[in-house]
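The values are calculated or read from the model by the stated rules, or taken from the named source; none is laboratory data. Note that the structure is a prediction, hence the values are computed from the model and not measured. Every residue, glycine among them, receives a Cβ derived from its backbone with ideal geometry; neighbour counts consider all protein chains shown.
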Amino acid sequence: MNVPKIFKRTINSRLVESLNSTVIRTSNELATRYRNLGIEQVDGVWNRKHLRNFDVARFRADSIYVWQTRQFQEVNYYLTYLYTMEIDNLGLIGRLQESGNYGVETFTFDNRKVSRDLMDSVIEINYLNDVLSIFKQQNLHILDIGAGYGRFAHRVLESFPECNVTCVDAIPLSTCISRIYLDKFIQTNQATVHDLESLNEIKPKEFNLAVNIHSFSEMSLKSVTFWINFLVKNEVEFLFIVPNGPDLALNDGTNFGLLLHQAGFEILEKREKYYIGDYSKFAIYPSTYFLLQRTR
């Protein structure tokens, strides 16, 4: 079992249990403060039952955060790897390393260790660079809504250390885990992890881009509305969304695209994750990318 750096000198079950209990205690304390302030958001998929019995020490394993090999086999990962190599104009697949830590499932191709985490991130970063040339901008500051354990932020900051990423998530457990996973970037002021209590510290026009990856679909319509209003309040112009299905909709099919339109966001670009050849038939976890721009 892979555990955080602070535990690597002496790995035993007691230390893993300590990590689990510390993070769970901290997240429970944050959840209690949310309830007392009346700002708790536990509806949608991420309710207390969904989070029950979660193994914090293996938060990158096939789990509630990232499905991995429950639906796909090594051959599907290999085809995804070939696709990633083909579209990787930034050359990230050769620069980024998959550590294999925190329980993530990996395969090795061409002497490279890869995971869904790594390949999804490379594809997403290349997409954003293709359509916005975003990583050529100076003072790039990205807002990641529903950031989970910090997967996207971690890869962006590994790829482009001059960037800055702010992560927000209404789930206390995610906030606590991402602060562990992004710690080295937090220490160098490249990353910030806000909880709901500190959202007012975010200033208007602070971000060049907001992203929401496999998150809005798992919320309630009320929670999606909250975050859309937050984007409008903070004058965010560009928004990248990856829903769980082919449309801007919740898991139950409820459309939230109309809410975005009413808030002034229009679809600027829509593209399949695997848009070359027949990869979408066999590569892992196909999805649809939406880039929106707020025009009013």
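Rundown of residues vs (1) over 22 Å from ILE64 (Cα atoms); (2) modelled with pLDDT of 95 or more; (3) of a type in the set (A, V, I, L, M, F, W, C), yes/no style:
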site: HIS214; (1), (2), (3): no, yes, no
site: TRP227; (1), (2), (3): no, yes, yes
site: PHE230; (1), (2), (3): yes, yes, yes
site: GLU235; (1), (2), (3): yes, yes, no
site: LEU248; (1), (2), (3): no, yes, yes
site: GLY264; (1), (2), (3): yes, yes, no
Which count do you get for residues in segment 282-296 that are closer than 22 Å to GLU86 by Cα and either assigned to a loop (DSSP other than H, G, I, E, B) or at pLDDT below 95 (or both)? 6
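Looking at LEU199, LEU259 in this structure, which one is at pLDDT below 95 and touching a helix residue (DSSP H, G or I) at 6+ places or on another chain (Cβ under 9 Å)? Spell out the reasoning first.
Details: LEU259 fails: at pLDDT below 95.
Sole residue among the options that is at pLDDT below 95 and touching a helix residue (DSSP H, G or I) at 6+ places or on another chain (Cβ under 9 Å): LEU199.
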If you go through segment 262-271 one residue at a time, do you hit one that is closer than 24 Å to ILE134 by Cα, under 18 Å from the mean Cα position of the chain (by Cα) and in a loop (DSSP other than H, G, I, E, B)? no
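Which one is modelled with the highest pLDDT among residues in segment 29-73 that are basic (Lys, Arg) and surrounded by 14 or more Cβ atoms within 10 Å (Cβ to Cβ)?
Step one: of segment 29-73, the residues basic (Lys, Arg) are 33, 35, 48-49, 52, 58, 60, 70.
The next check asks that each one be surrounded by 14 or more Cβ atoms within 10 Å (Cβ to Cβ); those that pass are 33, 58, 60.
Numbers: ARG33: 85, ARG58: 89, ARG60: 94.
Per the criteria, the residue is ARG60.
Could you please give the count of residues in segment 157-215 that are over 23 Å from SER99 (Cβ atoms), of a type in the set (Phe, Trp, Tyr) and assigned to a helix (DSSP H, G or I)? Before you say what the answer is, go through the steps one by one.
As a first pass, look at segment 157-215 and keep what is over 23 Å from SER99 (Cβ atoms): 166, 168, 170-172, 194-210, 212, 215.
With the extra rule that they be of a type in the set (Phe, Trp, Tyr), the set shrinks to 207.
Add one more test, that the residue is assigned to a helix (DSSP H, G or I), and what stays is none.
Summing the residues that are over 23 Å from SER99 (Cβ atoms), of a type in the set (Phe, Trp, Tyr) and assigned to a helix (DSSP H, G or I) in segment 157-215 gives 0.
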Selection count, segment 238-260, where residues are more than 20 Å from GLY148 (Cβ to Cβ), exposed (fewer than 14 other Cβ atoms within 10 Å of the Cβ) and not acidic (Asp, Glu): 5
Among the residues of segment 231-246, is any in contact with a Pro (Cβ under 7 Å, 6 or more places away or on another chain), under 22 Å from HIS141 (Cα atoms) and not in a helix (DSSP H, G or I)? yes
Please specify each residue of segment 112-128 satisfying the condition of being in a strand (DSSP E or B) and either of a type outside the set (D, E, K, R) or touching a strand residue (DSSP E or B) at 6+ places or on another chain (Cβ under 8 Å) (or both). LYS113, VAL114
Name the residue that is surrounded by the most Cβ atoms within 10 Å (Cβ to Cβ), counting only residues in segment 104-132 that are within 15 Å of ASN76 (Cβ to Cβ) and either of a type in the set (Asp, Glu) or in contact with a Pro (Cβ under 8 Å, 6 or more places away or on another chain) (or both). ASP120
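Name the one entry in ASN76, ASN101 that is modelled with pLDDT under 95 and either surrounded by 16 or more Cβ atoms within 10 Å (Cβ to Cβ) or within 20 Å of ILE186 (Cβ to Cβ) (or both).
Numbers: ASN76 fails: modelled with pLDDT under 95.
Step by step, each of ASN76, ASN101 is checked, and only ASN101 is modelled with pLDDT under 95 and either surrounded by 16 or more Cβ atoms within 10 Å (Cβ to Cβ) or within 20 Å of ILE186 (Cβ to Cβ) (or both).
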Within segment 133-145, which residues are of a type outside the set (D, E, K, R), assigned to a helix (DSSP H, G or I) and surrounded by fewer than 20 Cβ atoms within 10 Å (Cβ to Cβ)? PHE135
All-but-one check, GLU235 against (1) out of contact with any Lys or Arg (no Cβ under 6 Å at 6 or more places or on another chain); (2) farther than 25 Å from PHE54 by Cα; (3) surrounded by fewer than 16 Cβ atoms within 10 Å (Cβ to Cβ), failing number (1)
Only one residue in LYS184, LYS203 is free of Cβ contacts under 8 Å to residues at least 24 places away in the same chain and over 20 Å from LEU260 (Cβ atoms). Which one? LYS184
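Do we find that CYS163 is under 30 Å from LEU221 (Cα atoms) and touching a Leu at 6+ places or on another chain (Cβ under 9 Å) in this structure?
no
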